[in-house]
């Protein structure tokens with residue numbers, strides 16, 4: 001709705017009204033509108049924004065749009081926007097820009113900030129260092145509550161959060177955390193070290209973002225301090241960035257579980273060749289692996305020749321095994337990711353899956369027998385072969401699906417790898433081997 | 001490590017030391033320790049905790065452990081713990097307890113609180129109402145900043161968050177939000193209505209939790225106010241609960257995409273029959289659907305009899321199609337969930353998937369041709385049949401995998417349903433139909 005109003009005002013060149021209208025729209029919504037506009041209109045709308053709002057809007061744009069806008073505005077405008085950005089948003093921006101833009105920007109920043117930026121750009125992707133911001137409030141632990149409050153009032157406007165402050169000693173070692181709530185509630189002359197929470201939870205710059213997210217979830221934090229190897233406070237991570245991490249990690253797992261290599265870009269922004277490249281490797285691996293399943297059929301070609309009807313059950317049996325296996329593996333993978341299951345539970349999992357498989361397999365088998373024998377009128381031998389195969393394959397599929405992710409994690413592999421596609425391929429071969437063995441035995445085919 | 005120390009102290013009956021040790025462990029970690037202890041030791045450790053800490057620990061226990069502990073402690077102890085709990089934690093607890101325990105607890109609460117509890121218990125599961133807490137700070141909009149700060153100081157200890165306060169009018173209608181930061185930074189005699197953010201973002205009690213989570217993500221919020229149908233402020237939702245929702249929604253999608261009915265309980269806590277029940281329905285549906293794939297093989301039985309070698313490629317072809325289809329559907333489902341893709345993108349998706357399929361399919365087809373024709377030495381006709389089938393099935397699989405989730409969402413179905421298992425079943429039938437049609441045509445079998 002906003003978008004239409006804005007576009008109409010642009011078209012009718014009613015710029016003063018447009019400027020008025022923009023003041024009633026939230027920055028994040030303005031960013032969404034800009035994504036839909038062409039270059040000329042983007043620049044026009046962007047220049048109607050006040051300086052503070054412009055930076056806020058800019059930080060919510062996609063990196064494609066940020067890049068576009070960076071080439072449209074002049075150097076002075078760009079450096080004005082960047083000055084207004086929070087430090088972590090600035091780093092995020094610089095990481096996405098082409099080298100020549102970064103160079104141009106760094107030329108215009110002070111030596112001190114340039115050094116800091118370069119240091120931040122060097123933290124590994126997905127590390128705590130790459131997530132943190134430097135806009136936090138640090139307080140000397142000997143400070144009095146009233147002086148702390150005065151300091152907060154003074155420096156707050158530039159800080160991303162003031163609700164948790166960080167108490168440090170002379171060498172900037174992290175000593176404790178103290179909430180604004182505690183400072184506000186404390187008497188004026190109480191020392192920070194007497195109201196601070198000692199032994200604060202912290203993460204190190206090189207910790208993985210998944211670990212950081214786990215810490216937030218476990219302790220219900222709003223922000224966590226980040227320290228270097230000497231335990232000196234260098235930054236903080238706020239929960240809004242962690243929410244993004246949680247979403248990102250889930251997306252990664254969804255991709256991996258579908259045998260797609262993870263990617264950070266959204267589907268629509270990814271070009272066709274990249275999309276193809278992210279999928280082809282696993283498809284090739286799985287295709288070659290599936291060849292072995294073919295060998296099993298080859299081996300029993302004689303059996304198949306004498307009872308060609310056996311072939312028509314192959315798709316159903318393979319699907320059954322694959323589906324049961326991926327049900328089990330998904331439950332276990334998710335349990336591992338959420339920390340509900342670990343290696344010591346492996347026997348519990350096997351025992352549980354075996355019983356579930358017995359129930360599920362028996363029902364499927366029974367329904368199948370009625371259909372094949374009573375309705376479709378196949379011979380008793382064929383009906384039995386197919387139905388018994390179902391029980392055994394469901395059993396095998398659920399146990400394989402249950403233990404492979406746990407073993408993968410133990411071997412420091414990503415358990416999400418052991419999802420549907422790989423499990424299906426493994427279970428397929430087993431299913432067919434069981435099927436033909438039973439066929440030879442029950443129907444009495446001479447191989 | 002903590003667990004071992006605690007267990008050792010229990011065993012050696014060194015209770016004073018144990019009490020001392022417990023003061024150095026964070027409540028959430030104590031909760032984790034309790035989960036591992038037997039009834040007697042649980043009660044012992046729990047009674048060594050100070051009252052405030054005990055409630056905090058209690059709120060972090062699993063609902064099984066909470067139920068266990070509720071039967072172990074006497075009525076007085078239980079009501080003391082519950083008095084210390086935040087209101088939303090109390091509701092969560094009551095929701096999980098058996099009816100007789102709830103009754104016993106409600107008997108001991110004041111009529112006003114009982115009414116409030118009953119009202120909260122009536123909000124639908126997964127609604128904003130069921131997530132919200134009543135421990136927030138409301139301020140009359142005419143208040144002065146200094147009076148607001150005084151009020152906050154007075155009531156803060158009982159509130160879950162004081163960092164965002166809510167400005168209301170005489171009828172408790174939500175008028176705006178004001179952060180503690182803004183109040184602290186404002187002059188003493190500024191009215192709240194002059195520093196508050198007007199037109200605040202809010203949700204309604206009956207909004208779905210997924211919508212609430214989206215609002216938090218979009219606007220980077222720490223808390224959101226909840227209003228009733230008359231726009232009167234009734235509660236707030238804080239981000240720590242939203243983090244759980246995001247995780248829960250992802251888990252639901254993982255389950256649905258593996259054809260498992262979602263469940264809130266963790267795998268290890270779910271009994272075998274429930275696990276079986278959550279899986280059997282879809283397995284039955286998929287097994288019956290897979291029967292149609294069998295019909296196709298039946299139909300081409302003559303072709304298969306004359307060239308039995310065709311059978312050995314069926315598993316590989318089916319897997320290829322299934323894998324490619326689930327890659328595409330996973331990317332699209334995730335894009336839909338994250339709001340990156342919607343119905344208007346359907347043609348973009350088809351065009352993109354068609355091109356990706358052409359690249360991926362051609363590579364797979366070529367590799368397969370070399371293997372089958374050059375290495376395994378099959379006839380040119382068979383090699384061509386298999387290789388051409390690959391390109392076409394990949395094409396069909398990726399387009400079906402790409403559009404079905406989008407159509408499902410348009411039909412108000414959960415797109416996650418259109419994941420690997422269902423796509424695989426649909427693609428299988430198509431794959432075999434293409435395969436045998438090509439076989440008849442290229443190899444020249446008379447059917």
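Confirm whether residue A:150 is without any contact (Cβ under 8 Å) to a residue 40 or more places away in the chain, out of contact with any strand residue (DSSP E or B) (no Cβ under 9 Å at 6 or more places or on another chain) and surrounded by 14 or more Cβ atoms within 10 Å (Cβ to Cβ). Full working, then the answer.
Numbers: without any contact (Cβ under 8 Å) to a residue 40 or more places away in the chain: yes; out of contact with any strand residue (DSSP E or B) (no Cβ under 9 Å at 6 or more places or on another chain): yes; surrounded by 14 or more Cβ atoms within 10 Å (Cβ to Cβ): no.
Criteria not met by residue A:150.
Would you confirm whether any residue within the range B:47-56 is in a helix (DSSP H, G or I) and within 21 Å of residue B:103 (Cα to Cα)? Talk me through it step by step, then tell me what you get.
Going residue by residue through the range B:47-56, those that are in a helix (DSSP H, G or I) are B:47, B:51-56.
From the residues that got through so far, the ones that are within 21 Å of residue B:103 (Cα to Cα) too are B:55.
Scanning the range B:47-56 turns up at least one residue that is in a helix (DSSP H, G or I) and within 21 Å of residue B:103 (Cα to Cα).
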Is it true that some residue in the range B:54-74 is outside the structural domain of residue B:236 (by TED's automatic domain parsing) and without any contact (Cβ under 8 Å) to a residue 24 or more places away in the chain? yes
Would you mind listing the helices (runs of 4 or more DSSP H) fully within the range B:95-209 where at least 2 residues are over 33 Å from the mean Cα position of the chain (by Cα)? B:111-121, B:145-155, B:180-185, B:192-195
By residue number, the members of the range B:400-423 that are surrounded by fewer than 24 Cβ atoms within 10 Å (Cβ to Cβ), at negative phi, in a loop (DSSP other than H, G, I, E, B) and within 20 Å of the chain's Cα centre (by Cα) are B:413, B:414
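Would you say residue A:167 is within 14 Å of another protein chain (Cβ to nearest Cβ), modelled with pLDDT of 85 or more and under 30 Å from residue B:150 (Cβ atoms)?
Details: within 14 Å of another protein chain (Cβ to nearest Cβ): no; modelled with pLDDT of 85 or more: yes; under 30 Å from residue B:150 (Cβ atoms): yes.
No, not satisfied.
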Any idea which of (1) at positive phi; (2) touching a strand residue (DSSP E or B) at 6+ places or on another chain (Cβ under 8 Å) is the one residue A:200 doesn't satisfy? (1)
Given the conditions (1) under 33 Å from the mean Cα position of the chain (by Cα); (2) within 12 Å of another protein chain (Cβ to nearest Cβ); (3) buried (at least 19 other Cβ atoms within 10 Å of the Cβ), report the number of the one that residue A:436 does not fulfil. (1)
So is residue A:290 assigned to a loop (DSSP other than H, G, I, E, B), facing another protein chain (nearest Cβ under 7 Å) and out of contact with any strand residue (DSSP E or B) (no Cβ under 8 Å at 6 or more places or on another chain) or not? no
Within the range B:344-357, tally of residues that are over 18 Å from residue A:62 (Cβ atoms) and more than 7 Å from every other protein chain (Cβ to nearest Cβ): 8
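Quick grid of which residues meet (1) within 13 Å of another protein chain (Cβ to nearest Cβ); (2) more than 16 Å from residue B:162 (Cα to Cα); (3) crowded, with 16+ Cβ neighbours inside 10 Å; (4) at pLDDT 90 or above:
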{"position": "B:205", "(1), (2), (3), (4)": "no, yes, yes, yes"}
{"position": "B:208", "(1), (2), (3), (4)": "no, yes, no, yes"}
{"position": "B:212", "(1), (2), (3), (4)": "yes, yes, yes, yes"}
{"position": "B:222", "(1), (2), (3), (4)": "yes, no, yes, no"}
{"position": "B:227", "(1), (2), (3), (4)": "no, yes, yes, yes"}
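In this structure, does residue B:321 turn out to be part of a helix (DSSP H, G or I) and facing chain A (nearest Cβ under 7 Å)? Steps first, answer last, please.
Details: part of a helix (DSSP H, G or I): yes; facing chain A (nearest Cβ under 7 Å): no.
In short, no.
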Can you go through A:331, A:310 and tell me which one is more than 8 Å from every other protein chain (Cβ to nearest Cβ), within 28 Å of residue B:281 (Cα to Cα) and in a helix (DSSP H, G or I)? A:310
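Could you look through the range A:293-307, keep only residues that are more than 7 Å from every other protein chain (Cβ to nearest Cβ) and in contact with a helix residue (DSSP H, G or I) (Cβ under 8 Å, 6 or more places away or on another chain), and pick out the one that is nearest to residue B:372 (Cα to Cα)? Before the answer, list the steps.
Our first condition is that a residue be more than 7 Å from every other protein chain (Cβ to nearest Cβ); within the range A:293-307, this holds for A:295-296, A:299-300, A:302-303, A:306-307.
Next, only the ones that are in contact with a helix residue (DSSP H, G or I) (Cβ under 8 Å, 6 or more places away or on another chain) stay: A:295-296, A:299-300, A:303, A:307.
On the way: A:295: 12, A:296: 16, A:299: 16, A:300: 19, A:303: 22, A:307: 25 Å.
This residue is A:295.
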Conditions (1) within 30 Å of residue B:281 (Cα to Cα); (2) within 36 Å of the chain's Cα centre (by Cα); (3) crowded, with 17+ Cβ neighbours inside 10 Å; number of the one not met by residue B:349: (1)
Can you tell me which condition residue B:181 does not meet? The list is (1) at pLDDT 85 or above; (2) more than 24 Å from residue B:115 (Cα to Cα); (3) within 14 Å of chain A (Cβ to nearest Cβ), and all the others hold. (1)
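Under 19 Å from residue A:199 (Cα atoms), out of contact with any strand residue (DSSP E or B) (no Cβ under 6 Å at 6 or more places or on another chain) and away from chain B (no Cβ under 13 Å), is that true of residue A:143? Step through it out loud before you land on a result.
Values: under 19 Å from residue A:199 (Cα atoms): yes; out of contact with any strand residue (DSSP E or B) (no Cβ under 6 Å at 6 or more places or on another chain): yes; away from chain B (no Cβ under 13 Å): yes.
Yes: the conditions hold for residue A:143.
If you check residue B:333 against the conditions, is it modelled with pLDDT under 95 and either more than 36 Å from the chain's Cα centre (by Cα) or surrounded by 24 or more Cβ atoms within 10 Å (Cβ to Cβ) (or both)? Write out each step before concluding.
Working: modelled with pLDDT under 95: yes; either more than 36 Å from the chain's Cα centre (by Cα) or surrounded by 24 or more Cβ atoms within 10 Å (Cβ to Cβ) (or both): yes.
Taking the combined requirement at face value, the residue satisfies it.
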Only one of (1) part of a loop (DSSP other than H, G, I, E, B); (2) surrounded by 22 or more Cβ atoms within 10 Å (Cβ to Cβ); (3) more than 9 Å from chain A (Cβ to nearest Cβ) is not met by residue B:341, so which one is it? (3)
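Residue by residue through the range A:251-280, note down the ones that are within 21 Å of residue B:249 (Cβ to Cβ) and either more than 7 Å from chain B (Cβ to nearest Cβ) or surrounded by fewer than 15 Cβ atoms within 10 Å (Cβ to Cβ) (or both).
Step one: list which residues in the range A:251-280 are within 21 Å of residue B:249 (Cβ to Cβ), which gives A:251-258, A:260, A:262, A:264, A:266-267.
Answer for the range A:251-280, where residues must be within 21 Å of residue B:249 (Cβ to Cβ) and either more than 7 Å from chain B (Cβ to nearest Cβ) or surrounded by fewer than 15 Cβ atoms within 10 Å (Cβ to Cβ) (or both): A:252, A:253, A:256, A:257, A:262, A:264.
Quick one: which residue in B:94, B:85, B:174 is at pLDDT 80 or above and farther than 21 Å from residue B:242 by Cα?
Only one candidate passes the filter, namely B:174.
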Tally the residues that are in contact with a strand residue (DSSP E or B) (Cβ under 6 Å, 6 or more places away or on another chain) and more than 18 Å from residue B:222 (Cα to Cα), restricting the search to the range A:153-172. 5
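The values are calculated or read from the model by the stated rules, or taken from the named source; none is laboratory data. Everything numeric in this text was worked out from a predicted model, so none of it was measured. For neighbour counting, all protein chains shown are included, and Cβ atoms are generated from backbone atoms with ideal geometry for every residue, glycine included.
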